[in-house]
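Novice: Before we start, here is the structure in question, set down as structure tokens.
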Protein chains: 2
Amino acid sequence: MTRGATRRRILDAAQDLARSTGPGNLSLDAVAAQAGISKGGLLYHFPSKNRLMEALVEDHLNRFDVALSTQEKTGRPDAAICAYIAQFVAERQCGTPPPSGLLAALAEDPSMLDPVRRQERDFLGRIRANATDPQMATLAFMAIQGLRAMELLNTQVLNRSEEADLVDWLTTRLQACSASDSSAG
Amino acid sequence: MTRGATRRRILDAAQDLARSTGPGNLSLDAVAAQAGISKGGLLYHFPSKNRLMEALVEDHLNRFDVALSTQEKTGRPDAAICAYIAQFVAERQCGTPPPSGLLAALAEDPSMLDPVRRQERDFLGRIRANATDPQMATLAFMAIQGLRAMELLNTQVLNRSEEADLVDWLTTRLQACSASDSSAG
DNA sequence: TTGACTTTACCGACCGGACGGTATAGTTGC
DNA sequence: GCAACTATACCGTCCGGTCGGTAAAGTCAA
């Protein structure tokens with residue numbers, strides 16, 4: 001088994017278990033078993049549970065980054081917020097599971113999500129700088145964050161189609177902002 | 001100490017500890033110590049940790065209910081969404097801490113937030129039924145949920161004043177919807 | 001190329017402590 | 001004295017982390 005492949009298996013196993021057994025019940029033994037290795041092997045790759053949690057957070061950040069960076073770089077007005085929305089829609093269509101590993105990290109230590117906050121703050125900054133209507137874009141960002149958070153916390157109040165409707169409506173609203181601005185300017 | 005007072009102290013202690021030590025590190029010993037009673041006393045009031053977690057969730061639901069029911073019952077258009085926003089603003093002004101007990105419950109068992117989902121689903125239903133523009137109201141609800149979730153998860157990207165600006169802007173937007181509707185109808 | 005040595009990757013037994021929960025014996029207001 | 005309430009002592013389990021070991025895969029001088 002190559003280094004990267006085992007690491008990935010461990011990360012995925014931890015993520016799956018965090019979702020199914022609850023973020024607070026994540027044990028190293030269980031993760032090792034789910035990943036198909038021994039506890040010793042697990043601790044070879046991640047020398048402590050804290051390190052594993054950090055890796056879970058970092059992994060999420062990386063995925064977020066690569067998924068957005070391509071779409072965002074068109075440089076068009078509203079490219080950033082549109083990329084964020086598109087990414088959300090894509091995740092829904094693919095059935096991507098929520099990043100429950102983040103909850104496991106949070107359960108261990110509330111400060112472990114600080115990197116997430118930093119990254120999202122940066123990203124929101126780019127959204128606002130790039131937006132036709134910064135407040136509307138911020139609202140859109142928050143609403144998507146709300147939808148994501150609800151899935152993460154298992155408190156979704158909208159089903160898939162209601163969610164899709166809302167996102168559609170939001171998208172046309174944003175386009176309306178953009179259009180009225182470019183016609184006015 | 002009367003029954004209700006001790007119960008309350010325990011609930012508050014659990015909430016505080018969940019926030020400070022991380023939702024996954026909440027132990028009965030620590031809660032008892034923080035509440036100023038012994039573990040035996042704690043287990044007299046809540047026969048198991050699960051029951052304590054359920055009570056934490058229920059407590060949050062009750063607070064949510066009583067805070068909203070008065071404002072919501074004016075029956076005016078958009079009363080529900082406005083009540084929700086007003087409640088959020090009031091919490092911010094009072095410096096109300098986030099309901100970290102919910103995270104502790106979630107850490108123990110993902111299904112423990114099911115009652116929260118039900119309640120919020122009901123509430124969103126009332127918001128939409130009562131709204132001049134249901135989609136706009138839903139968007140507003142989601143954005144507020146996003147703000148709340150970010151504070152809960154310790155990933156706030158907006159500071160207090162940015163948050164206040166956004167909520168102000170959102171409120172005027174909603175009023176604009178309402179006004180254009182009543183002038184059109 | 002071959003034998004000595006190092007590195008990488010992984011295993012599984014074990015330990016100490018923390019934690020949830022029980023049992024039981026006080027204590028106090030009525 | 002009785003019922004509500006609280007405290008103390010204890011038990012068994014689970015869990016994070018350590019540790020000694022193993023096997024395969026390089027590395028490299030002679």
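Novice: For residues in the range B:36-66 being near DNA strand C (Cβ under 9 Å from one of its atoms) and within 14 Å of chain A (Cβ to nearest Cβ), which is farthest from residue B:84 (Cα to Cα)?
Specialist: Step by step, filter the range B:36-66, then rank; the result is B:49.
Novice: Restricting the search to the range A:5-31, which residues are open to solvent by less than 50 Å² (accessible area, probe 1.4 Å), over 12 Å from residue A:101 (Cα atoms) and either free of Cβ contacts under 8 Å to residues at least 12 places away in the same chain or more than 9 Å from DNA strand D (Cβ to nearest atom) (or both)?
Specialist: A:5, A:6, A:27
Novice: Could you go through the range B:32-46 and let me know if any residue there is touching a Lys or Arg at 6+ places or on another chain (Cβ under 7 Å) and among the aliphatic types (A, V, I, L, M).
Specialist: Yes, there is a match, as at least one residue in the range B:32-46 is touching a Lys or Arg at 6+ places or on another chain (Cβ under 7 Å) and among the aliphatic types (A, V, I, L, M).
Novice: Still on this structure: Output the residue which, of all residues in the range A:19-35 that are among the hydroxyl-bearing types (Ser, Thr, Tyr) and closer than 16 Å to residue A:108 by Cβ, is nearest to DNA strand C (Cβ to nearest atom). Please lay out each step first, then the result.
Specialist: If we filter the range A:19-35 for residues that are among the hydroxyl-bearing types (Ser, Thr, Tyr), which is where we start, we get A:20-21, A:27.
Among the residues that remain, those that are also closer than 16 Å to residue A:108 by Cβ are: A:21, A:27.
On the way: A:21: 15, A:27: 11 Å.
Looking at residues that are among the hydroxyl-bearing types (Ser, Thr, Tyr) and closer than 16 Å to residue A:108 by Cβ, I get A:27.
Novice: What are the pairs, 6+ residues apart or on separate chains, where a residue within the range B:155-167 that is within 8 Å of chain A (Cβ to nearest Cβ) has its Cβ under 7 Å from a residue that is of a type in the set (Asp, Glu)?
Specialist: Close Cβ pairs satisfying both conditions: B:155/A:120; B:157/A:120.
Novice: Also: Restricted to the range A:72-117, and to residues that are polar (S, T, N, Q) and open to solvent by 40 Å² or more (accessible area, probe 1.4 Å), which residue is modelled with the lowest pLDDT?
Specialist: Of all residues in the range A:72-117, those polar (S, T, N, Q) come to A:74, A:87, A:93, A:96, A:100, A:111.
Checking which are open to solvent by 40 Å² or more (accessible area, probe 1.4 Å) leaves us with A:74, A:93, A:96, A:111.
On the way: A:74: 79, A:93: 95, A:96: 95, A:111: 94.
Ranking the qualifying residues of the range A:72-117, first place goes to A:74.
Novice: Out of the residues in the range B:118-133 that are over 16 Å from residue B:87 (Cβ atoms) and surrounded by fewer than 20 Cβ atoms within 10 Å (Cβ to Cβ), which is nearest to the other protein chains (Cβ to nearest Cβ)?
Specialist: Top of the filtered list is B:121.
Novice: Which of the numbered conditions does residue A:16 fail, given that it passes all the others? Conditions: (1) in contact with an Asp or Glu (Cβ under 6 Å, 6 or more places away or on another chain); (2) away from DNA strand C (no atom under 14 Å from the Cβ); (3) charged (D, E, K, R).
Specialist: The failed condition is (1).
Novice: Still on this structure, I have one more. If you take the residues in the range A:95-117 that are among the acidic types (Asp, Glu) and either part of a helix (DSSP H, G or I) or farther than 15 Å from residue B:103 by Cβ (or both), which one is farthest from the other protein chains (Cβ to nearest Cβ)?
Specialist: Going through the range A:95-117, the residues among the acidic types (Asp, Glu) turn out to be A:108-109, A:114.
Remaining after also requiring either part of a helix (DSSP H, G or I) or farther than 15 Å from residue B:103 by Cβ (or both): A:108, A:114.
Values: A:108: 6, A:114: 8 Å.
Per the stated criteria, the residue is A:114.
Novice: Look at the range A:134-151 and say how many of its residues are more than 13 Å from the chain's Cα centre (by Cα) and either modelled with pLDDT under 95 or open to solvent by less than 10 Å² (accessible area, probe 1.4 Å) (or both).
Specialist: First, pick out the residues of the range A:134-151 that are more than 13 Å from the chain's Cα centre (by Cα): A:134-140, A:142-143.
Add one more test, that the residue is either modelled with pLDDT under 95 or open to solvent by less than 10 Å² (accessible area, probe 1.4 Å) (or both), and what stays is A:136-140, A:142-143.
Going through the range A:134-151 one residue at a time, the tally reaches 7.
Novice: Name the residues in the range A:46-75 that are without any contact (Cβ under 8 Å) to a residue 40 or more places away in the chain and in a helix (DSSP H, G or I), would you?
Specialist: A:51, A:62, A:63, A:66, A:67, A:69, A:70, A:71
The values are calculated or read from the model by the stated rules, or taken from the named source; none is laboratory data. Note that this is a predicted model, so its numbers are computed, not measured. Because the Cβ atoms are built from the backbone with ideal geometry, glycine has one as well, and the counts that use them run over all protein chains shown. Calculation scope for accessible area: heavy atoms of the full protein, side chains included, ligands and nucleic acids excluded. Shrake-Rupley method; radii C 1.70, N 1.55, O 1.52, S 1.80 Å.
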